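Working notes, beginning with the structure itself.
The values are calculated or read from the model by the stated rules, or taken from the named source; none is laboratory data. Predicted model, so just to flag it, every value in this text is computed and none were measured. In this analysis, Cβ positions are derived from the backbone assuming ideal geometry, glycine residues included, and neighbour counts consider all displayed protein chains. Remember, those area values only see protein heavy atoms, side chains included, never the ligands or the DNA or RNA. Shrake-Rupley method; radii C 1.70, N 1.55, O 1.52, S 1.80 Å.
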Amino acid sequence: MAIPSFEPVTLAIQGESSRFPVRRVFCVGRNYAEHAREMGHDPDREPPFFFGKDAEALSQESTLPYPSLTEDVHHEVELVVALAAGGRDLKAEDVRSAIYGYAVGIDYTRRDMQSVAKKLARPWFLSKSFIGAAPITPLIPAATLGHPREGRIWLEVEGAVRQDGNLNQMIWGIEETVAILSTYDELLPGDLVFTGTPAGVGPVARGQAVRAGVDGVATLEMRFT
Ligand code: MN
């Protein structure tokens, strides 16, 4: 072997000693109307679109390195869906049975880098994917949590509320989103889907305390160093 082999990224599971191995990380863009508007888009006319992050961007550490080549890292709090089963061309009504559980995550974005990429019609990938780009809470199995479809989704920086929405404000619901995603490629057990962020995205500086949560699901606390 050319280099020592390594294990897949795994996530803690609330109430269990076993861990959840992650295969791919998909993210939905502009899935809350007010956030679409704050990014300069009309939420009524656009179907969902997707981008990705490396699984290595996930972290369950409470302190993370502030990424390089940016002075404008933006927070996006999101409900994350973890898939226990996959498939292609899933029907919306078949999605729930494929869901293992849920977590709260932050889709950190090097917004200055992303803005340049957008302007030059270049990929977003490295503006969205870097070590520490996706802090995430332990997974909560749907077997105990159920399937949250409403509830406050919020984020605070240094105790000041920056994002304050509700899961019921998603433009494309979780079942529809996963079903549409499964038309792009076969989904696989271990895939994660970040389901979009409410309005109020903005910068986080080194050292600032970030708290984020979905009421009834989980709360996440972290800071960049
Ligand atoms: Mn996002």
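Out of 23, 19, report the one residue that is over 26 Å from residue 110 (Cβ atoms) and of a type in the set (D, E, K, R). Let's see the steps before the verdict.
Details: 23 fails: over 26 Å from residue 110 (Cβ atoms).
Answer to the selection: 19.
Within the bounds of segment 36-48, is there any residue that is under 27 Å from residue 190 (Cβ atoms) and either surrounded by fewer than 20 Cβ atoms within 10 Å (Cβ to Cβ) or away from the ligand (no atom under 16 Å from the Cβ) (or both)?
The answer is yes; a qualifying residue exists.
Can you tell me which residue among 79, 83 is open to solvent by less than 20 Å² (accessible area, probe 1.4 Å) and more than 14 Å from residue 191 (Cβ to Cβ)? Before the answer, list the steps.
Values: 83 fails: more than 14 Å from residue 191 (Cβ to Cβ).
After applying the criteria, what remains is 79.
Taking residue 53 as meeting all but one of (1) farther than 26 Å from residue 172 by Cβ; (2) modelled with pLDDT of 95 or more, write down the number of the exception.
(1) is the only condition that residue 53 fails.
Every residue, every condition in (1) in a helix (DSSP H, G or I); (2) more than 23 Å from residue 174 (Cα to Cα), yes or no:
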{"residue": "71", "(1), (2)": "no, yes"}
{"residue": "82", "(1), (2)": "no, no"}
{"residue": "90", "(1), (2)": "no, no"}
{"residue": "97", "(1), (2)": "yes, no"}
{"residue": "105", "(1), (2)": "no, no"}
{"residue": "113", "(1), (2)": "yes, yes"}
{"residue": "122", "(1), (2)": "no, yes"}
{"residue": "126", "(1), (2)": "yes, yes"}
{"residue": "131", "(1), (2)": "no, yes"}
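So the check is Cβ under 6 Å with 6+ separation or different chains; which pairs have a first residue in segment 28-48 that's over 19 Å from residue 180 (Cβ atoms) and a second one that's in a loop (DSSP other than H, G, I, E, B) and among the hydrophobic types (A, V, I, L, M, F, W, C)?
That search, which allows pairs on different chains as well, returns 34/199; 38/199.
For segment 17-35, which residues satisfy the criterion of being more than 14 Å from the chain's Cα centre (by Cα) and either within 11 Å of the ligand (Cβ to nearest atom) or surrounded by fewer than 12 Cβ atoms within 10 Å (Cβ to Cβ) (or both)?
17, 18, 35
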